[in-house]
Amino acid sequence: MEGLDLKQMSAMVKVIAEEKNLPEETVLDVIQMAIAAAWRKDNGDKEMNVRAVLNTNTGEADVFVERTVVEDEVAYNPATEIPLKEAKKGKKVGDVVEEKHKVTSFGRVAAQTAKQVVIQRLREAERDAVLAMFEDKIGTVVTGTVAHVERNIVRIDLGKTTGIMPRSEQIEGEYYAVGSRIKVYIKGVERDDRGAQLILSRGSADFIEYLFRQEVPEIENGTVEIKGIAREAGKRTKIAVISTIPGVDPVGTFVGGRGVRVQAVMNEIGDREKIDIITWSDNASEYIREALSPAEVSKVEIDGKKAKVFVTEDQQSIAIGRQGQNVRLASKLTGFDLDIELAKAPEKKKKTNVEDSLLSAIEETAEEENV
């Protein structure tokens, strides 16, 4: 068998499985895919549905070509269909029949195709196995090394595998130097036609929450809770917190003595990003007021999921924030569509007092004397 020794490949199944830390069944499936691909290259059509069965004891292989039974007079594709009159007795239109072929030899090109399939499929299987291990770590933070920086993607080496951090998951303005060690949040595993990919993040709100959980032990014992986070990575984060025990200051708990806890989080994400920690409230009006901090709100009018927020002129720019950032994050945090409006200045009432009366009397007297 030119360029492809099936007996040798059969004997290598167990060795490859141990070397790649893969189940023997997975390795056998890969080799059988390679045999099917090679047979298709030499004997058939790329559209054919071909499967191969390798006997690891004898080193012999058979391939089975699947075709669907169609009516005799219907134009058909011989690669995937067979007319009823050529099918075995008892078969009817719509049935699937298999034709068995003994594998005897492969040409040089087919053998090369098989080898490429083995290499590619084993690599994919190995990657999938590693990713399956990391699926248990989704929602946690790990430390990795920046392996490669592309235009929109940063590749992070995590030791056994490499994950990607897309532009949308990066911190705006943060520089990633190849070889540097960074913490990343494991967001999930994304699968497509090209295989599985580990998605990492530093720009998500979940990353902030995880960092605070490491710094605030009171979250673990239930003394305080995080009720919501709104984030624009690299710019500003708003986090709403509450305490479950009367007398415990939730904001102070998260800030920590001399700000040590919130500073630890900021040291990780960078000083460019500001963090507003506010007290959550089940009173929508009060929650909106807190969310728009540091602006002072005069009045809130709520209509469904929309709210008009009235502020004085000197507080308007603070409430809106640079490029609308403050009101945008407050809206995301509270779930309300917020509209900032100027509060009407109260009308000044005319004051009447003793001095005003005396002044009027003097003016009247002066007019009478002039007359």
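The values are calculated or read from the model by the stated rules, or taken from the named source; none is laboratory data. Given the structure is predicted, the values throughout are model-derived calculations rather than measurements. Positions of Cβ are backbone-derived with ideal geometry, glycine not excepted, and every protein chain shown enters the neighbour counts.
A few remarks follow.
- Residue 237 in a strand (DSSP E or B), closer than 26 Å to residue 185 by Cβ, of a type in the set (Ser, Thr, Tyr) and not assigned by TED's automatic domain parsing to the domain that holds residue 328: yes
- The set of residues in segment 288-330 being more than 15 Å from residue 344 (Cβ to Cβ) and of a type in the set (Lys, Arg) consists of 289, 305, 306, 322, 328.
- The lone criterion from (1) assigned to a helix (DSSP H, G or I); (2) at pLDDT 85 or above; (3) of a type in the set (Lys, Arg) left unmet by residue 183 is number (1).
- Annotation note: of 30, 109, 93, the sole residue that is surrounded by fewer than 17 Cβ atoms within 10 Å (Cβ to Cβ), part of a helix (DSSP H, G or I) and out of contact with any Cys (no Cβ under 6 Å at 6 or more places or on another chain) is 109.
- Residue 104 of a type in the set (S, T, N, Q) and either on the phi > 0 side of the Ramachandran plot or more than 43 Å from the chain's Cα centre (by Cα) (or both): yes
- Selection status of residue 171, of a type outside the set (Lys, Arg), within 21 Å of residue 214 (Cα to Cα), in a loop (DSSP other than H, G, I, E, B) and in contact (Cβ under 8 Å) with a residue 12 or more places away in the chain: yes
- Residue 14 vs. criteria loosely packed, with under 15 Cβ neighbours inside 10 Å and touching a helix residue (DSSP H, G or I) at 6+ places or on another chain (Cβ under 9 Å): yes
- Filter result (touching a residue at least 12 places away in the same chain (Cβ under 8 Å), surrounded by fewer than 14 Cβ atoms within 10 Å (Cβ to Cβ) and part of a loop (DSSP other than H, G, I, E, B)) within segment 282-329: 294, 296, 305
Residues are listed down the side, and each one gets a yes or a no for (1) surrounded by fewer than 16 Cβ atoms within 10 Å (Cβ to Cβ); (2) within 30 Å of residue 120 (Cα to Cα); (3) modelled with pLDDT of 95 or more:
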{"residue": "169", "(1), (2), (3)": "no, yes, yes"}
{"residue": "190", "(1), (2), (3)": "yes, yes, no"}
{"residue": "194", "(1), (2), (3)": "yes, yes, no"}
{"residue": "205", "(1), (2), (3)": "no, no, yes"}
{"residue": "208", "(1), (2), (3)": "no, no, yes"}
{"residue": "211", "(1), (2), (3)": "no, no, yes"}
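- Test for residue 260: is it surrounded by fewer than 19 Cβ atoms within 10 Å (Cβ to Cβ), assigned to a helix (DSSP H, G or I) and free of Cβ contacts under 8 Å to residues at least 40 places away in the same chain: yes
- Flag for residue 83 being assigned by TED's automatic domain parsing to the domain that holds residue 117, modelled with pLDDT of 85 or more and more than 19 Å from residue 27 (Cα to Cα): yes
- Residues that are hydrophobic (A, V, I, L, M, F, W, C), surrounded by 13 or more Cβ atoms within 10 Å (Cβ to Cβ), touching a helix residue (DSSP H, G or I) at 6+ places or on another chain (Cβ under 8 Å) and in a helix (DSSP H, G or I) are absent from segment 40-60.
- Tally, over segment 119-160, of residues that are of a type in the set (Ser, Thr, Tyr), within 18 Å of the chain's Cα centre (by Cα) and part of a strand (DSSP E or B): 1
- For residue 74, the conditions (1) surrounded by fewer than 13 Cβ atoms within 10 Å (Cβ to Cβ); (2) out of contact with any helix residue (DSSP H, G or I) (no Cβ under 8 Å at 6 or more places or on another chain); (3) under 30 Å from residue 131 (Cα atoms); (4) not aromatic (Phe, Trp, Tyr) are fulfilled apart from (3).
- Lone unmet requirement of (1) of a type in the set (A, V, I, L, M); (2) in a loop (DSSP other than H, G, I, E, B); (3) over 43 Å from the mean Cα position of the chain (by Cα) for residue 79: (3)
- If you go through segment 240-256 and keep only what is more than 28 Å from the chain's Cα centre (by Cα) and either in a strand (DSSP E or B) or of a type outside the set (Val, Ile, Thr) (or both), you end up with 243, 246, 247, 249, 250, 252, 256.
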